[in-house]
Each structure stands twice: as structure tokens, then as C-alpha cells.
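Below is one structure; the comments refer to it alone.
Coordinate-derived values only; no laboratory data. In this text the structure is predicted, and so the values were computed from the model without any measurement. Methodologically, a virtual Cβ is constructed for each residue, glycine included, from the backbone with ideal geometry; neighbour enumeration extends over all protein chains shown.
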């Protein structure tokens with residue numbers, strides 16, 4: 001079997017030429033993430049999240065790719081909205097579970113981020129996700145809520161839940177443990 005091109009984007013571009021009737025495209029714009037991180041390093045965690053939410057600091061490239069945005073932040077809590085599309089589909093015809101995991105990881109991590117003092121940072125150590133329902137583009141907008149359940153000097157734990165906005169049904173839940181770095 002002959003190996004295909006180097007990545008899915010290249011192969012999809014080839015197929016778009018061969019089969020334009022089934023092809024779709026999506027153009028994304030994002031800003032330099034290192035510039036945003038540099039701005040963020042000058043702020044405490046909650047101040048940074050407010051700046052992202054109000055547009056003072058551009059959204060992270062992953063937020064653009066995943067079509068998610070923070071809508072509420074307070075110390076120890078974050079809420080994101082996202083709109084899944086067919087660009088998030090897996091080969092079996094539903095939104096990839098990684099979309100839900102990414103939303104849950106992001107909202108849990110950002111809840112932890114709101115607790116950081118100036119000069120502190122975090123990274124995810126563990127993420128346990130439970131997907132409860134399939135997600136499709138027909139689900140519509142989804143709401144992810146994250147809340148810190150424990151904040152120590154070196155670690156924090158947060159719970160996150162993902163809901164279908166229209167029906168209110170719980171789609172997935174997660175628990176995350178984050179490493180706090182000074």
C-alpha cells in the first residue's frame with residue numbers, strides 16, 4: 001500500500017480538486033499566541049481571563065479552531081460557549097470526543113487560571129472525561145462550566161460539565177488536576 005500525503009489538510013485539498021461537490025472549506029484567522037502569553041504574564045489569573053473575555057487579549061488559537069469563547073469568569077469558576085460544526089466530526093459521523101474533552105479541559109483549566117497570582121502558571125496533569133451523549137452539529141450551542149474544587153499551593157482540582165444549551169441535557173463531565181507553577 002502506497003503511503004498518502006503528509007497530512008490530512010494536504011489530502012483534503014487534493015480531494016477538493018477531485019470532488020468539489022462534496023468539499024467544504026473554512027478559513028480561520030488567529031493572532032500570535034506568544035504575544036498574548038506575554039501580555040498575560042503581566043496580569044494575575046482572573047485579570048487575564050477577564051481581558052480574554054472582553055477582547056482586550058485575543059482568543060487563543062485553540063479557541064478559534066474549536067469555536068469556543070469564555071462568557072463568564074470569576075475566581076474559581078469559568079463558563080464557555082462553543083458551537084460544534086461538521087469540521088469537528090470524526091469518521092463515524094458525530095463530533096469527535098476530543099472536542100468535548102478539549103472544551104472540558106479548557107473550562108476546568110481556566111477556572112484554575114482565575115485563582116492564579118501574578119507570576120503563577122498552571123498546566124493540566126490529569127483529565128478524566130465521561131462522554132454521556134453523542135454531539136452533532138444539530139445539537140447547537142453548548143455550554144461548558146468549570147469550577148475549582150480544591151486549590152493548594154502546588155495543585156488544583158476542578159470539575160467541569162458540558163451541556164446542550166437548548167435542551168439543558170448533560171453531554172459530558174470531567175475532573176482535572178492541574179500543577180501550579182511559580
Checklist line | Mean-position separation - Cα centroids, the range 87-119 and the range 31-60, in angstrom | finding: 17 Å
Check: Please state the relative contact order of the chain as a whole percent: Cα pairs under 8 Å, 6+ residues apart?
Finding: 19 percent
Item checked: Convex hull projection area averaged over all views, the range 48-97, Cα basis, nm² -> 4.0 nm²
Note to self: Which residues does the label zone of residue 149 cover in the range 165-182, counting backbone N under 14 Å from a point 7 Å along Cα→Cβ?
What the structure shows: 173-178
Note to self: Only Cα pairs within less than 10 Å get springs; with that Gaussian network setup on the chain, which residue of 11, 24, 137 has the largest fluctuation?
What the structure shows: 11
Checklist line | Hull-based mean projected area of the chain, where the convex hull spans the alpha carbons, in square nanometres | finding: 12.4 nm²
Item checked: Rounded to 5, percent antiparallel among DSSP beta bridges of the range 15-157 -> 100 percent
Checklist line | Degrees between helix 8-18 axis and first principal axis of the chain (Cα, 0 to 90, nearest 10) | finding: 30 degrees
Note to self: So if each residue of separation counts as 0.36 nm, and I subtract the Cα-Cα distance between residue 23 and residue 11, what length gain in nm does that give?
What the structure shows: 3.1 nm
